[in-house]
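Taking it in order: structure first as structure tokens, then the write-up.
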Amino acid sequence: MKLTKMFVFCFLSVLFSVYMQAQDVSVKGKVLDETGMSVPGASILIKGTSKSTTTDLDGNFEIKTSLNGVFVISFVGYATIEEPINGRKDVTIKLKTESEKLEEVIVIGYGTQKKTDVTSAISTVGVKDVSDRPIVNAVEAITGKSSGVQVSSSSGSPGGSLSVRVRGIGSPNGGEPLYVVDGVLTSNVKAIDPNNIESINILKDASAAGIYGAAGSTNGVVLITTKKGKKGQPRTEINFYGGIQQIMRKLPVLNNSQWFDIKTEIFGTEPSIPSYYDLEGTNNNWQDLIYRTAAQSSVNLSTSGGSDTGNYYLGLGYLNQEGIIVGSNFKRYSLNLNVNQDITQKIKFGGSVNYNRTNQRSITDNTSANFGGVVLSALVTPEFIPVFMPSNSPFPGVYGVSNFYSGENPLGLIFNNENKTIANNLLGSTYVEAKLPLNLTFKTQLNGVVQNSKYDYFLDPYSSLSGRTTQGRGESNYNEVFRWQWDNTLNYKQNFGEHSLDVIVGTSAMNESISNSNQLGAGFATSAVKTLNAASSNFQIGTGEYEWSTNSYFGRFNYGYDNKYLFTATFRRDGSSRVGTNVVYGNFPALSAGWKISNEKFMENVNWMQNLKVRLGWGKTGNLPPYTMLFPSYSLLNVGAPYAFNASNVAPGIKPAPQLGNPDLKWEAATQTNIGLEVGFFNNRLNLTADYYHKKVEDMIFTVQLPLTTGSSVTAMNLAGNNINKGVELSLDADIIQGDDFNWSSNLNFSRNINSIEGIDENTSFQTGPVLIGGSQVPIYTQIIKNGYSLGTFWGYKSEGVDPQTGNLVYGDELVDLGSALPKFTVGFSNEFSYKGLSLSFLFDAVQGNKVYNATRMEIEAMSGFANESTEVLKRWKQPGDITSVPRALGNATTNTGAAALLKNTVSSHFIEDGSFFRLRNITISYQIEKKFVERIGLAGLKIYGTAQNLFTVHNYKGYYPEVNGFGQGTNNQAESAGSGSSLMSLGIDRGTYPAAKIFTAGINIQL
């Protein structure tokens, strides 16, 4: 009987327990981040139901649910996790940040891999600060955050491009990396809104980048993954900022009185000023007139969500950036869509679309005022030149010009024309992935890239002297690039006891077609009709079509033993129509190995360091010939004079084009070696990564001049010799303070790269860095590619200063190395502080040892014509015995003519300056509003923030800004340059570059 009662009691207890767990009860909890700090505004969802709540300011929550339920917890910037309740009524949940997640599993070529198992040089760049900063170009998020990677701006123009160099410059034709966005290969990231980026990983050595073969991976590979939805309650965010941009500095120039005095000194007599110029009453400070405080604003809306079987993410964006030079602006409309869905338990499909449409009005920079350069015009136009010519002048009403100086004033160069560039950029992909027997996974992905742009220009026939001379001019250019790519991969993953295996094989086919057209006309009777149908003379029409393709086979073998010993082998075989017909295919192998020393038994009692690992990698990668050489195998033809068979039979003629075909032209091939070390200290709160690399590029492609007897003038050739980059990289990550309320994390990275050209014939050299001075049509070359010297080497005469007796500059007798535009080292230093809802972050970056050729000074310190000058000329030599660095004023029509020509046309160290700088790149302060206030207005979260960018820069450069890179991208990956003349890189030359701006913004982030 007792046994029966006991059985009944136990049965009822179990039944009651089951009943209670099936009923909804109040469960409390707290959500913490990885440092133990409370996470306010986190979303709490009961899996399989619609029940949800959010955490308060202290990270606490309370919800009624069954005790056998499962929490799904998500928050912006953190990995979504599932936490079973398991009968608990008080639960503590710890989230991991996305950056920590990526440190554990990172994106690599055609897959992912555990961070601890990586055997190659890969950098992961944090992007959680992107939404708080006024970032226009996606790659700007990399600046200062990764060792071995230098990001520099080509100009401060709104919507301006950026240049990225990974471990130096891989080719004299250009050094830009290959970009892979969600698996889609592209030469740029124009289609990507930075706010939609989830992660950025940079493959720096051959063992990491080798799986992309000859697609351009010699310059590194930047992998960008866009945001996807996460399981849990749908999440909507609105992010808005607005701000202002200001020029950092202006350059002092002569006033009217000073201009008059120096011109009198130059020519020995006072200039005869026409009566319609007013030297006393007209004092136009042209820099004040063209530079302005410009507005910049952006708004982004995103909504995302997901379930156990699929997810979605939709992002919409709008950016409006006015330029600090009047008349320049950039607008962008963007869309990002990411969808993934499980069809069955073994088959899923998905796709992504990144699209934007841009509208840009530009001004001409990086050229002299005679050719429309606005920046230089603001410096060389005398202040007495009026904005508009007066009624008593020969050309009343037009924008002001000088009877001495042929250039128009800068406002005329800006507003005497209308120009706009409308561009569409689309990058999309769709895939199907199937799990097969034997742990095999098959994936097929079809990618597409479409880029088109239309540029329209109209020069008013009446508002300027140049317009009246040509009776106006119109131009319309169109360019389109379409690329499709089809990838198929088969992946096998399996663990066998202490052995782990991850093998992938695949194929890739790609085809790209390029078309462009340009039309030009002049002779417009009115400015009311600006299209070319209103032109009456000087018609010019040109069109072009180009196409190329690749076919590739690749594979990667990852093997690990006992979580200590790691080995990776990759191989890619590429065939391309862009190389010579006799060498269509090339092979690109790579090997790497790693040793997790910390996992050895002899390290069991070593507690002062963790995760000690050494890496060794070797491999080959390649570069295709530049876009300027899409048909290198063939001798091309041009239109020639008509051929008359007789008086009544005249046929169109053809003639040889400059290019002579070379069917043996190969791609540039790089052999790379990398040795790396990773180690953590203080329970991984301090992590050090160090790498040494050596990259040797062979078969460099140059355009070589040919004897006239060949019937052609140039051909593309692989020259004997190597472009060598070698260096060291150090990165230090620290979680300095981890507290309940206060946290402090920091990153310091350092890079040292040495570049040199070796093995080229001593008697062979290539001139680069052309500069046009004043109205000259004949360039002077400032740089050279020569055996034993680095790319970007300035080549000219060493200036020995000003002769105190004559006032002339004294030069050495020989052309010598005047320094390189490439830096000796770069540094990045970032910090983030947080206290409860308040956070502060800042980023410093520095560049040291690079030179800049200040061609601007060749115009504003010429002292040989009627243009205005820099106030530096007030320090000029005037009489024997004067000790100064500024030579005397020189006359064009006197015995000083020779010295004047030397000063204006001789490349010398006199115009070379130190381009080193130390910059506060960004500082951001933000505050997450307390939950109890946010809930009152029906929001899930609310953050306000303020940012200052380029707040200060320490440098000794005499120009506007030392970061000069207007022509530093080269042509090897720019489809827009297809069919143009070959152009080697020009580095570190300031020809009147659009100045950079400091930016102040304030914004708000709303979470619904």
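Bear in mind that the values in this text are calculations on the coordinates, not laboratory data. Computed from a predicted structure; not experimentally measured. So basically every Cβ, Gly included, is an ideal-geometry build from the backbone, and we count neighbours across all protein chains shown.
Taking the DSSP beta bridges in the chain as the whole, what percent of them are antiparallel, to the nearest 5? Antiparallel: roughly 95 percent of the beta bridges in the chain.
Tell me the relative contact order for region 22-96 as a rounded percent, counting alpha carbon contacts under 8 Å between residues six or more apart.
38 percent
Backbone geometry of region 837-850 corresponds, through the Karplus equation with coefficients 6.51, -1.76 and 1.60 at θ = phi - 60°, to 3J(HN,Hα) couplings of x, 9, 9, 9, 9, 8, 9, 9, 9, 8, 10, 9, x, 8 Hz, x marking Gly and Pro.
Summarised in one figure, the compactness ratio Rg/Rh of region 506-596, Cα atoms and Kirkwood Rh, is 1.43. Less than 5 angstrom separates the built amide H of Gly229 from those of Gly305, Tyr312, Tyr313, all sequence-distant by 5 or more or on a different chain. The long axis of helix 256-267 is offset from the longest Cα principal axis of the chain by roughly 50 degrees.
A simple packing score, the average count of other Cβ atoms within 10 Å per residue, orders the peptides 762-772, 602-612 as 762-772, 602-612, with the highest score first.
Cross-link partners for Lys443 among the aspartates and glutamates, with Cα-Cα distance under 17 Å and sequence neighbours closer than 8 places in the same chain left out: Asp182, Asp342, Glu433, Asp487, Asp502. Put in line by how crowded their Cβ is, counting other Cβ atoms within 10 Å and starting with the fewest, Ile654, Ile63 read Ile654, Ile63. Converting phi to 3J(HN,Hα) with the Karplus coefficients 6.51, -1.76 and 1.60 and the offset θ = phi - 60°, region 749-760 yields 10, 9, 9, 10, 10, 10, 10, 7, 9, 9, x, 6 Hz in sequence order, with x at every glycine or proline. Helix 2-22 axis versus longest C-alpha principal axis of the chain: approximately 20°, rounded to the nearest ten.
Remark: for residue pairs Lys30/Lys564; Lys230/Lys695; Lys89/Lys943; Lys94/Lys998; Lys943/Lys998; Lys190/Lys596, the C-alpha separation exceeds 29 Å in Lys30/Lys564; Lys230/Lys695; Lys89/Lys943; Lys94/Lys998; Lys190/Lys596.
For region 739-748, putting each phi into the Karplus relation 6.51 cos²θ - 1.76 cosθ + 1.60 with θ = phi - 60° gives couplings of x, 5, 10, 10, 9, 9, 10, 8, 9, 10 Hz, in residue order, rounded to whole numbers and with x for Gly and Pro.
Taking packing as the residue-averaged number of other Cβ atoms within 10 angstrom, the listed peptides 337-350, 244-257 run from highest to lowest as 244-257, 337-350. Helical runs (DSSP H, four residues minimum) scored at -39500 (n - 2.57) apiece and divided by the length of the chain put the mean residue ellipticity at 222 nm at -2500 deg cm²/dmol. Each peptide in 139-151, 694-706 gets a packing score, the mean of other Cβ atoms within 10 Å over its residues, and the list from highest to lowest is 139-151, 694-706. Sequence-distant contacts, meaning Cα pairs under 8 Å at least 6 residues apart, place the relative contact order of region 707-859 at 20 percent. For Asp193, no residue has an amide H sitting under 5 Å from its own, ignoring neighbours fewer than 5 places away on the same chain, with H placed 1.01 Å from N. In percent, rounded to a whole number, the relative contact order of the chain is 12, using alpha-carbon pairs under 8 Å and six or more apart. The distance linking region 119-192 with region 339-390 is 17 Å (Cα centroid to Cα centroid, whole angstrom).
If the label point is 7 Å along Cα→Cβ of Leu438, which residues in region 504-545 have backbone nitrogen under 17 Å from it? Residues passing the 17 Å test: 504-506. The fraction of all Cα pairs in the chain landing in successive 10 Å bins from 0 to the largest distance is 2, 10, 17, 22, 20, 14, 8, 4, 2, 1, 0, 0, 0, 0, given as whole percents.
Only beta bridges with both residues in region 22-96 are counted; by DSSP, about 80 percent of them are antiparallel. Applying 1/(1 + (r/R0)^6) with r as the Cβ-Cβ distance of Ile925 and Gln345 and R0 = 56 angstrom yields a FRET efficiency of 0.75. Note on region 22-96: Cα Rg divided by 2.2 N^0.38 Å, N the number of residues, gives 0.99. Between the beta carbons of Asn587 and Gln494, assuming R0 = 25 Å, the FRET efficiency works out to 0.35 to the nearest 0.05. Compared with the alpha-carbon gap, the fully stretched path from Lys454 to Ala720 is longer by 91.7 nm at 0.36 nm per residue. Database remark: amide H of Gly220 closer than 5 angstrom to the amide H of Leu178 (H placed geometrically; neighbours at sequence offset of 5 or more, or on other chains; Pro and chain starts carry no H).
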